[in-house]
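One structure below.
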Amino acid sequence: MIKIMTDLSADIPRELVDELDIAVLPFYINFGEESILADMDYTADMFYEKFKSLEEMPTTSQATPGILEDMYRDLGKDNQIIHITIPANGSGIVNTARNISNQLIEEEGFDITIVDSSMYSLGIGANVVEAARMAQKGATRDEIIAYLNERFEKDRVYFIVDDLKYLQKGGRIKATTMVVSKVLDIKPILWSNDGMVEAFDKVKGLKRAISKMVDIAAEKIDDAENATVYVLHADALKSAEITAEMIKNKINPKEVVIRKVGPVITCHAGVGVFGIYFKHKG
């Protein structure tokens with residue numbers, strides 16, 4: 001059998017993780033000297049309240065190599081593993097995963113494939129869910145990996161943040177984007193390009209920025225009438241609902257799904273972030 005594995009940054013709801021038997025690697029969330037191992041039991045809402053009470057922004061760190069190796073051993077005893085990760089530019093977990101998996105493959109014959117998503121949040125999660133569904137339906141490893149590689153090459157997540165300072169402090173945004181943000185009332189529409197956050201476009205005012213983001217989706221979405229558009233947010237439900245309504249009116253896809261951004265991504269983007277993910281045309 002094929003087992004699909006990812007990490008907490010994929011922001012997959014607990015019910016889908018359980019339904020599709022997806023393995024989710026935890027992350028450490030660091031609040032000053034306090035550090036907790038956040039797993040599926042540490043909800044987005046719990047983290048939002050904690051985040052808003054902090055004077056200093058929290059940080060994340062990858063799970064220990066021992067935790068990862070134990071998961072590989074448990075999952076890989078009788079299964080092929082496809083591990084879909086946060087980008088290498090966003091976490092050291094990718095290199096750790098490659099080192100441990102290579103050792104298990106070479107010395108003990110495990111079958112583990114690492115796929116760097118190059119995206120964040122539901123850009124990872126939506127495709128992890130699809131990969132797990134493919135596995136349940138009997139797709140081969142090569143078929144699943146081909147699907148993932150195509151999506152991660154073509155697709156991007158577009159998003160708007162309440163304050164760029166969180167991305168700046170975490171070192172995940174290009175300096176040129178920070179210069180753009182200093183212009184009065186300019187709201188950059190951001191995207192992740194090979195794991196680094198860049199300005200895709202810049203618009204004056206929040207409402208115009210949302211409208212522009214929806215225009216981007218209308219231009220780039222594949223098979224709109226049968227598509228699902230994911231609207232993601234971290235404690236920014238009003239902005240997410242406005243975005244979802246504009247998508248329905250302009251694009252009218254088959255489905256618009258609003259989901260919460262979890263603690264790993266919120267640590268770096270801050271509360272107030274919201275955005276969209278959808279399958280892109282070729």
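In terms of modelled amide H atoms, which long-range or inter-chain residues lie less than 5 Å from the amide H of VAL261?
HN-HN under 5 Å from VAL261: HIS233, ALA234, ASP235.
As I understand it, the dipole of the chain uses +1 on the Cβ of Lys and Arg and -1 on the Cβ of Asp and Glu, about the Cα centre. Which of VAL203, PHE51, ILE160 lies farthest toward its positive end?
VAL203
Kindly give the semi-axes, whole Å and largest first, of the ellipsoid equivalent to region 63-122, taking each as the square root of 5 times a Cα gyration tensor eigenvalue.
Details: eigenvalues 80, 27, 21 Å².
Rounded to whole Å, the semi-axes are 20, 12, 10.
For a footprinting-style exposure proxy, rank THR96, THR85, THR60 by other Cβ within 10 Å, fewest first.
THR96, THR60, THR85
How large are Rg and Dmax for region 1-150 when only the alpha carbon atoms are used, in Å?
So, for region 1-150, Rg and Dmax equal 15.5, 49 Å respectively.
Can you give me the angle between helix 122-136 and the longest principal axis of the chain, using Cα atoms only, in degrees from 0 to 90, rounded to the nearest 10?
The answer is roughly 40 degrees.
I'd like the orientation of helix 93-108 relative to the chain: the angle between its Cα long axis and the longest Cα principal axis, in ° from 0 to 90, rounded to 10.
20 degrees
On a 0 to 90° scale, report how tilted helix 65-76 is relative to the longest principal axis of the chain, with both axes built from alpha carbons and the result rounded to the nearest 10.
70 degrees
What list do you get for GLU69, GLU33 if you sort them by fewest beta carbons within 10 Å?
GLU33, GLU69
Could the peptides 147-160, 243-256 be put in order, highest first, of the mean number of other beta-carbon atoms found within 10 Å of their residues?
147-160, 243-256
Build a GNM of the chain with springs between Cα atoms under 10 Å: which of TYR42, TYR120, TYR230 gets the top mean-square fluctuation?
The residue with the greatest mean-square fluctuation here is TYR42.
Roughly how big is region 1-72's charge dipole about its Cα centre, with Cβ charges of +1 (Lys, Arg) and -1 (Asp, Glu), in debye to the nearest 20?
The calculation lands at about 140 debye.
Determine the relative contact order of the chain: mean sequence separation of Cα pairs under 8 Å and six or more apart, normalised by residue count, in whole percent.
21 percent
Every read-out reported here was derived from the displayed coordinates using simple, explicitly stated rules and does not represent laboratory data. Fair warning: this is a prediction, and the values are worked out from it, not measured in the lab. All Cβ positions, even for glycine, are placed from backbone atoms using ideal geometry, and neighbour counts span all protein chains on display.
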